[in-house]
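Okay, so here's the structure we're looking at.
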Amino acid sequence: MSEPIREDTIPIPFASPDGVPEGLAIDPSLFLNRELSWLDFNERVLEEARDPSVPLLERLRFLAITASNLDEFYEVRVAGLQAQLYEHLEPQDPPPDGMSALAQVVEIGRRVRDFVSRQHETWQSDLLPKLAEQGIVVVPPEALAGGENEFLDRYFESEVYPVLTPLAIDPAHPFPHLHNKSLNLILRLERLDRERPEAQPPRQLYAVLQVPGVLSRLVRLPAAEGDPTHRFILLEDVIGPRLDSLFGGFRVVGYAPFRVTRNSDLSIQESDVKSSLLSIIQENLRKRMWGDAVRMEISDRADEAFVSLLQTAPALDLEDRDVYRVSGPVALSALASLCKIEGYRELKEPPWEPQLPRVLAAGPSIFEEIREQDILVHHPFESFDAVVQLIEQAAVDPQVLAIKQTLYRTAEDNPIIDALARAAGNGKQVTVLVEIQARLDEENNISKARMLQKAGVHVVYGMVGLKTHCKAALVVRRESDGIRRYIHLGTGNYNPTTARLYTDLGLFTCRPEFGDDASALFNLLTGYSQGHDWQKLMVAPFHLVDRVLEMIDRERRHAEQGRPARIIAKMNALVDPRTIAALYAASRAGVQVDLIVRGICCLRPGVPGHSENIRVLSIIDKFLEHSRITYFQNGDAPQLYLSSADWMPRNFNRRVELLFPVEDPRLHARVVRDILGVYLVDNVKSRLLHPDGSFERLSPGPDSPPIRAQTALQEQAVRRELPPAVQSALTEIGLPDGFG
């Protein structure tokens, strides 16, 4: 690491992003910083953990999510900023707000220090005692009761001791390599002088002990028969009091839990690939565990000698600002396992079973239903089984000739993977693009790809320099009137696990123009095909962003000419400066813009002269909002699009993404009114973004009923209509009618 940069002389150069449309000026003051906006998103998740109206175990789940979110933020985003600082690298996407890398790192550290304090205060002072009241108890070593210590002695000897490996730190034993996010104990030992026990001072030594990741972090204590209480102790609190047994001739006089977060980003450039993309990914996965340290979390009971030893170790070499003392368990994400305890239904959200869409429940053949009409499925309110059904029926249908599909993130147990393998075994031509650059999911994807290859599937490992993030499946079927192509396009992954946790939309169609474009897409992904005249699909990195900018600008022109103009867009993140500048121009012309942005938003709404007509909402609730939807009023000819892409430079420029239209009038009306509209009238889980970057939690007015969008959408999936209060609210905001 180079010499530390003085924080009182932080340079703040103003960046000038390339590719801004002509006439759309970039003013740094009009942009919120990307990284700080992400921290604001995690604040909103923590807000759910601190909300007493949320069921208790759901609050704990949100707290654990904030911790795992923060881990990835440091592994990727903070690691990137530190690389800019210490290796003098240029940022891939210069921040339009103008903050330098050092300014961002310093401000992130200031905010995260406060955030971590409130995380642990939420656990120690709020959730921990409330869980104990409900019979879920996490005890410290000093609070063990009855024979629990004897039970832990036996557990330690039989289960823990055999897998422990103490690592001394001395001239003969260099500081050990600490794996990314592994929990460790730093130990101080004293030699026992059996001949002269009164000899002073005793010699002190240091060692590191990794807490075994193969064992459960929370150890369940035995309960008396009939006792409904669940008592747990942290694994490090089992090991700590029993450390002397590891060091004959020494005694442990102090220890503290800690862990290190490392740079885990894999950035593969075309020039890096000398043999194959698969081999370079595998090599980089091996290097990931050796990535530079970017953060250390350590118990606040650690003394300065412990902190200094770790911080200055050549293998870590951390600045003061990279060290975070915590007042509770290191890695709060481990507490998520408590949410899986059987029972305690009153402490959780009511269980939800996704509904099978009525149109697919009517007949035995999904192909017949798709021929009859386009079908839209809204997960998790409607079942992902509809997608599984398409691939499973295609695998055994003798009329199906070929199946082509993209896979970005896959579940451990995925029936789609099994169906694709079965299809290949049945003689179908099956081609699957497995994106092995899916961040932090690379190893799982490589494993699935190899399994598919063994089954006879032709597997393609993505494209060098681009991540294939689009979600598409194509089934080619010979029918009595010729070859017909059945297509599924989605906003989310082909993953039945996340499909129960994330909100996403999927479109089934067999329209010929969609089929032509889908075939061209797979030819592009698997070969060198170019020059296709795209009819329905807009594809990044080729022309998707240009079309988005054109459609935003079209709304601006409509407004200037007095025609109806409105934009409603839902996404995970809004970062791209060109798109934000275009939205500002549309707002200045009078276009009403409603944005539903779950996470990062770099646009400042409500700025006089620029964004008075833009409103930004963020919804954090039980299901993670993941769908990407865009509505353009376009005068009197409204258009609706679904997409795999957020409005970010990486999605527009460095990924293969899709934007595709919803053309069936019934489905169009359903999405605009009964999905987008429902989110716009949420007054329970919705937050309003202010110009200064702060968020205000919305609440029902004195004469307004509470409307929680996800609950309303669950009711709609069961009853086939929205609750009356929601229908009334939708009428007030002037959206078109939905479907019957």
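The values are calculated or read from the model by the stated rules, or taken from the named source; none is laboratory data. None of these values were measured; they are calculated from a predicted model. A quick note on method: Cβ atoms are made from the backbone with ideal geometry, for glycine too, and the neighbour counts reach across all protein chains shown.
Looking at the range 325-383 only, could you name the residues that are assigned to a helix (DSSP H, G or I) and over 30 Å from ARG118 (Cβ atoms)? Hits for the range 325-383 are ARG358, VAL359, LEU360, ALA361, ILE366, PHE367, GLU368, GLU369, ILE370, ARG371, GLU372.
Residue-by-condition table, conditions (1) under 25 Å from PRO398 (Cα atoms); (2) modelled with pLDDT of 95 or more; (3) among the charged types (D, E, K, R):
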site: ARG422; (1), (2), (3): yes, yes, yes
site: ASN426; (1), (2), (3): yes, yes, no
site: VAL430; (1), (2), (3): yes, yes, no
site: LEU433; (1), (2), (3): yes, no, no
site: GLN437; (1), (2), (3): no, no, no
site: ASP441; (1), (2), (3): no, no, yes
site: ASN444; (1), (2), (3): no, no, no
site: SER447; (1), (2), (3): no, no, no
site: GLY456; (1), (2), (3): yes, no, no
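Regarding the range 703-711, can at least one residue be identified that is surrounded by 14 or more Cβ atoms within 10 Å (Cβ to Cβ), among the polar types (S, T, N, Q) and at pLDDT below 95? Checked the range 703-711: at least one residue is surrounded by 14 or more Cβ atoms within 10 Å (Cβ to Cβ), among the polar types (S, T, N, Q) and at pLDDT below 95.
Residues in the range 649-667 that are buried (at least 22 other Cβ atoms within 10 Å of the Cβ), touching a Leu at 6+ places or on another chain (Cβ under 8 Å) and not charged (D, E, K, R): PHE652, VAL656, LEU658, LEU659, PHE660, VAL662. GLY427 satisfies every condition listed in (1) closer than 25 Å to ILE675 by Cα; (2) out of contact with any helix residue (DSSP H, G or I) (no Cβ under 8 Å at 6 or more places or on another chain); (3) small (Gly, Ala, Ser) except (1). Among the residues of the range 644-657, those that are in a loop (DSSP other than H, G, I, E, B) and either of a type outside the set (Lys, Arg) or modelled with pLDDT of 95 or more (or both) comprise SER644, ALA645, ASP646, MET648. Can you find even one residue in the range 686-702 that is buried (at least 22 other Cβ atoms within 10 Å of the Cβ), more than 22 Å from the chain's Cα centre (by Cα) and not assigned by TED's automatic domain parsing to the domain that holds PHE522? Scanning the range 686-702 turns up no residue that is buried (at least 22 other Cβ atoms within 10 Å of the Cβ), more than 22 Å from the chain's Cα centre (by Cα) and not assigned by TED's automatic domain parsing to the domain that holds PHE522.
Rundown of residues vs (1) free of Cβ contacts under 8 Å to residues at least 40 places away in the same chain; (2) buried (at least 18 other Cβ atoms within 10 Å of the Cβ); (3) not in a loop (DSSP other than H, G, I, E, B), yes/no style:
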{"site": "ALA421", "(1), (2), (3)": "yes, yes, yes"}
{"site": "VAL430", "(1), (2), (3)": "yes, yes, yes"}
{"site": "GLU443", "(1), (2), (3)": "no, no, yes"}
{"site": "ARG450", "(1), (2), (3)": "yes, no, yes"}
{"site": "ARG478", "(1), (2), (3)": "no, no, yes"}
{"site": "GLU513", "(1), (2), (3)": "yes, no, yes"}
{"site": "LEU525", "(1), (2), (3)": "no, yes, yes"}
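Scanning the range 305-347 for residues being under 24 Å from the mean Cα position of the chain (by Cα) and among the basic types (Lys, Arg) gives a total of 1.
Among the residues of the range 491-511, are any more than 30 Å from the chain's Cα centre (by Cα) and either within 14 Å of LYS536 (Cα to Cα) or crowded, with 19+ Cβ neighbours inside 10 Å (or both)? Within the range 491-511, one or more residues are more than 30 Å from the chain's Cα centre (by Cα) and either within 14 Å of LYS536 (Cα to Cα) or crowded, with 19+ Cβ neighbours inside 10 Å (or both). May I ask you to list the residues in the range 658-709 that are part of a strand (DSSP E or B) and of a type in the set (Phe, Trp, Tyr)? Result: PHE660, PHE695. If the condition is being assigned to a strand (DSSP E or B) and either touching a helix residue (DSSP H, G or I) at 6+ places or on another chain (Cβ under 9 Å) or in the same structural domain as THR711 (by TED's automatic domain parsing) (or both), then the range 484-505 contributes ARG484, ARG485, TYR486, ILE487, HIS488, LEU489, GLY490, THR503, ASP504, LEU505. State whether the residues of the range 345-360 include one that is within 28 Å of PHE232 (Cβ to Cβ), touching a residue at least 40 places away in the same chain (Cβ under 8 Å) and loosely packed, with under 15 Cβ neighbours inside 10 Å. The answer is yes, given that some residue of the range 345-360 is within 28 Å of PHE232 (Cβ to Cβ), touching a residue at least 40 places away in the same chain (Cβ under 8 Å) and loosely packed, with under 15 Cβ neighbours inside 10 Å.
Looking only at residues in the range 605-643 that are modelled with pLDDT of 95 or more, assigned to a loop (DSSP other than H, G, I, E, B) and among the acidic types (Asp, Glu), the one that is farthest from the chain's Cα centre (by Cα) is GLU612. Scanning the range 612-644 for residues that are touching an Asp or Glu at 6+ places or on another chain (Cβ under 6 Å) and more than 21 Å from LEU489 (Cβ to Cβ), we see that the one that is surrounded by the fewest Cβ atoms within 10 Å (Cβ to Cβ) is ARG615. Among the listed residues LEU680, LEU603, which satisfies the condition of being in contact with a strand residue (DSSP E or B) (Cβ under 8 Å, 6 or more places away or on another chain) and buried (at least 23 other Cβ atoms within 10 Å of the Cβ)? Selected residue: LEU603, the only one of LEU680, LEU603 that is in contact with a strand residue (DSSP E or B) (Cβ under 8 Å, 6 or more places away or on another chain) and buried (at least 23 other Cβ atoms within 10 Å of the Cβ).
You will find that of GLN124, GLN134, the residue that is in contact with a helix residue (DSSP H, G or I) (Cβ under 7 Å, 6 or more places away or on another chain), surrounded by 13 or more Cβ atoms within 10 Å (Cβ to Cβ), within 30 Å of GLU43 (Cα to Cα) and modelled with pLDDT of 95 or more is GLN134 and no other.
Taking each residue of the range 629-650 that is at positive phi and looking for partners that are of a type in the set (Lys, Arg) and modelled with pLDDT of 95 or more with beta-carbon atoms closer than 7 Å, six or more apart or interchain, yields ASN634/ARG554; GLY635/ARG563. Scanning the range 554-564 turns up one or more residues that are touching a strand residue (DSSP E or B) at 6+ places or on another chain (Cβ under 7 Å), part of a helix (DSSP H, G or I) and acidic (Asp, Glu).
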